[in-house]
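Data block below; observations after.
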Amino acid sequence: MPDINKARDTGTGTLYLVATPIGNLEDITLRAVRILGEVDLIAAEDTRQTIKLLNHFDIKKPLVSYYEHNKMTKGNILIEKLLNGENIALVSDAGTPGISDPGEDLVKLCIKNNICVTMCPGPVASIAGLVISGLPTGRFVFEGFLPMNKKSRKQHLDSLKRETRTILFHEAPHKLPYTLKDLLDTFGDRSIALARELTKKHEEILRGHISEFIELYEQIPPKGEYVIILDGAKEDESARMPDETSENPCLSMSLKEHVDFLISTGIPKKDAIKETALQRGLKRRDVYNEYEQN
Ligand code: SAM
């Protein structure tokens with residue numbers, strides 16, 4: 001039998017995943033305000049943040065914290081309460097619970113315990129950034145935060161090299177310059193959009209190539225919250241890109257030999273330079289300069 005979400009008639013409570021604004025408080029939905037005012041308890045990723053929201057809308061409800069480092073113990077307590085018939089709203093720091101926060105774990109626990117889970121939809125930072133990026137929105141992948149560990153980060157990025165869909169990442173401002181360098185090393189100088197401080201006073205959408213932003217942030221350090229929207233590999237690029245599992249013989253050539261080899265396959269010099277940059281994870285301009293100097 002398929003799993004049908006209809007615990008409403010079983011006497012247990014319901015878990016409501018309630019999306020909250022990512023900046024502008026006017027983005028809360030009427031339903032979210034109603035549900036937050038009706039539930040028995042609100043579980044919040046960051047109670048300091050949520051209390052501001054509740055005060056703004058004059059909602060007075062018991063608030064408990066539920067976040068990455070207490071999710072095991074708190075999760076079981078919340079399940080007990082739900083089994084006893086209490087209705088609980090789960091809210092994240094901002095945006096939609098379950099996206100880059102431990103909401104997913106609580107949902108799984110509810111499903112395991114036959115507890116009804118429902119959603120009160122609203123803002124999602126990555127989607128808000130995507131739709132104003134100007135990059136293709138028809139097909140995209142959400143990658144959240146990249147792993148911090150150097151090796152797994154590289155493996156993860158390498159696994160995305162042939163991805164043709166638009167790729168969305170979260171990033172903290174102080175790590176953005178390093179991440180941009182890693183993106184350039186992996187994908188070459190692709191088109192990218194940086195959606196900053198969405199829905200807030202200093203909202204900005206910056207569009208360009210990865211190397212331009214590396215240069216920009218060498219002068220002015222990034223500030224605020226960012227979503228990274230990266231163009232996918234072009235279909236032809238993806239097809240020509242060497243499989244990660246097989247060695248690319250061009251990589252053992254000098255840079256000049258690499259470009260000349262690609263030209264000898266019949267592609268124009270401009271494209272050979274672009275392709276070399278992509279395959280070697282270099283800036284197009286650097287490949288051009290070095291090729292022309294030799
Ligand atoms: N649950 C949230 C959602 O649905 O969008 C995502 C939470 S995640 C822990 C936090 C990340 O979301 C930030 O590091 C940033 O990448 C992104 N973010 C949140 N608010 C944002 C905003 N107003 N503008 C740009 N990015 C934002």
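The values are calculated or read from the model by the stated rules, or taken from the named source; none is laboratory data. Every value quoted in this text rests on a predicted model; they were computed, and no experiment measured them. Heads up, the Cβs are rebuilt from the backbone with ideal geometry, glycines too, and the neighbour counts pull from every protein chain shown.
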- Message: Among the listed residues Leu130, Leu90, Leu106, Leu82, identify the single one that is more than 14 Å from the ligand (Cβ to nearest atom), touching a strand residue (DSSP E or B) at 6+ places or on another chain (Cβ under 8 Å) and touching a residue at least 60 places away in the same chain (Cβ under 8 Å).
- Response: Leu82
- Query: How many residues does region 197-221 contain that are in contact with a Gly (Cβ under 9 Å, 6 or more places away or on another chain), under 20 Å from Ala277 (Cβ atoms) and without any contact (Cβ under 8 Å) to a residue 24 or more places away in the chain?
  - Reply: 1
- Message: Of everything in region 184-210, what is more than 12 Å from the ligand (Cβ to nearest atom), surrounded by 22 or more Cβ atoms within 10 Å (Cβ to Cβ) and not in a loop (DSSP other than H, G, I, E, B)? Give them in sequence order.
- Response: Phe187, Ile192, Ile210
- Odd one out for Val141, checked against (1) touching a helix residue (DSSP H, G or I) at 6+ places or on another chain (Cβ under 9 Å); (2) of a type outside the set (Ser, Thr, Tyr); (3) part of a strand (DSSP E or B): (1)
- Query: Is there a residue in region 149-168 that is within 16 Å of the ligand (Cβ to nearest atom), under 28 Å from Thr50 (Cβ atoms) and modelled with pLDDT of 95 or more?
  - Reply: yes
- Scan region 12-63 residue by residue and report those that are of a type in the set (A, V, I, L, M) and loosely packed, with under 15 Cβ neighbours inside 10 Å. Leu25, Leu30, Ile51
